[in-house]
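What follows is calculated from the coordinates using simple rules that are stated; it is not laboratory data. Nothing here was measured: the structure is a model prediction, and the numbers come from that model. Don't worry about glycine lacking a Cβ; one is built from the backbone with ideal geometry, like all the others, and counts go over all protein chains shown.
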Amino acid sequence: MKSALITGITGQDGAYLAQLLLGKGYKVHGLVRRSSTTDVNDVRLRWLGIAGDVNVIDGDLSDLSSLMRIVRAAQPDEVYNLGAQSFVKTSWQQPLLTGAITGLGCAAMLEAVRLEKPDAHFYQASSSEMYGMIQEPMQSETTPFYPRSPYAAAKLYGHWMTVNYRESFGMHASSGILFNHESPLRGIEFVTRKVTDGVAKIKLGMASELRLGNIDAKRDWGHARDYVKAMWLMLQQEAADDYVIATGRTVSVRDMCEIAFQHVGLPLEKHLVIDPELFRPAEVDVLLGNPAKAKAKLGWEPETSLEDMIREMVDADLARLSTGR
Ligand code: NAP
Ligand code: GDD
């Protein structure tokens, strides 16, 4: 039986990845940081019905000795480093914490693996945010980076450390440069989920408006369930490498909203309010990924359209709000 260690297992991707790996017969260990509300921090794992199937080990990405202890105990064949302060807007309010967890946390995890289980295959959750002020209309593995937030700068450090550990120590360390991916398990602060939750509340008479910031921003959105498959595929390759994971289609926040409102038969113009407070100090105007390498080398392709995903999210939020769960 293969075993895997996932940091960030309580997050959106961690939950879907755990589900995927359990389905493949893996023993799944998850690093979970201590919380005063342990009864709610596994909510996504419970939503997927797998909370009892993963072995949770306490630790924190800011604490190297805890990471070493966990890797030593779990002896994983594969390590997926998904843990991060992942909300871009917060990274301007907590830049040092973001650097410590999202950037140095990756280095700490690489060190723990190098010292305790150097033959483990390692995955780093890199991000399309690293392209920031885009240097090419369609971003691929060879497009230069231009980070536009403390989060993106921290991710860039993690990305290059992953490349560096591969080249310096021969570790099987891969970096997945994933474009935005969403699902009913997405955190409510991210724009797709904020929209689907907001639309569901308006539909149910629980709210009358939806406040957003820059609706002209464009993103290449895919489904998290599809994207975790790419993570796994990267670690099954003979040689480690870096891959862009994207759909190859970019859509504005406004048009994404339109899909959600249309799904429940409500007029967007009547309910949408633009709030200048929600604009960011620096914006990533547009992201559009080229997943050609992932298709050619991993045989990976996105399976879910943006329209289907947004409808799935709206329906999940309607069900959640109607049942109070
Ligand atoms: P998420 O839902 O925000 O999950 C983040 C996870 O990191 C949570 O499990 C969180 O634990 C954990 N975490 C935070 N601080 C930690 C710490 N100090 N020590 C240990 N764990 C800590 O993020 P996601 O959407 O699943 O994304 C997964 C990863 O992919 C992240 O690294 C993100 O930056 C990256 N990424 C995401 C996307 C996307 O569109 N979703 C795209 C590119 C890259 P708690 O539950 O305790 O908070
Ligand atoms: N969150 C949010 N809330 N975003 C808004 C809002 C709002 O009210 N109004 C407009 N937006 C715009 C943001 O300014 C941004 O341009 C876009 O919607 C997407 O914002 P988010 O959903 O917060 O995601 P992100 O693109 O900043 O970051 C996500 O994707 C990255 C990959 O490109 C996160 O998941 C990162 O962790 C990930 O690395």
Computed FRET value (nearest 0.05) for ALA207 with ALA239, which takes r as the C-beta separation and R₀ as 51 Å: 0.50
Top of TYR131, TYR146, TYR16 by mean-square fluctuation, Gaussian network on the chain, Cα under 10 Å: TYR146
The stretch 133-215 - convex hull of the alpha-carbon atoms, volume per residue in Å³: 136
Convex hull per residue volume in Å³, alpha carbons only, for the stretch 17-85: 98
Distance histogram for the stretch 250-305 (every C-alpha pair counted, 5 angstrom bins, percent rounded to whole numbers): 4, 12, 16, 17, 15, 15, 11, 7, 3, 0
Angle between the chain longest axis and helix 105-116 axis [Cα atoms, degrees, rounded to 10]: 30
Built amide H within the under 5 Å cut-off of SER175, gap 5+: GLN124, ASP241, ASP242, TYR243
Hits among lysines - C-alpha to C-alpha of LYS201 under 20 Å, sequence gap 8 or more where chains match: LYS270
Relative compactness, the chain, computed as alpha-carbon Rg over 2.2 N^0.38 Å: 0.97
Centre separation in Å (Cα based) which lies between the stretch 125-154 and the stretch 262-312: 17
Pairs from LYS89/LYS218; LYS2/LYS24; LYS89/LYS194; LYS218/LYS293; LYS24/LYS297; LYS27/LYS295 whose Cα-Cα separation, in the structure shown, is over 18 Å: LYS218/LYS293; LYS24/LYS297; LYS27/LYS295
Phi to ³J(HN,Hα) by Karplus 6.51 cos²θ - 1.76 cosθ + 1.60 over the stretch 125-134, Hz, x for Gly, Pro: 7, 7, 9, 5, 4, 5, 6, x, 7, 4
Extension gain from GLU189 to LYS89, taking 0.36 nm per residue of separation minus the Cα-Cα distance: 35.0 nm
Over the stretch 79-195, volume per residue of the alpha carbon convex hull, in Å³: 110
Rh by Kirkwood over Cα pairs, then Stokes-Einstein D for the stretch 115-170 at 1.306 mPa s and 10 °C, µm²/s: 128
3J(HN,Hα) from dihedral phi, the stretch 263-273, Karplus parametrisation 6.51/-1.76/1.60, rounded to Hz, x for glycine, proline: 4, 9, x, 10, x, 4, 4, 5, 10, 7, 10
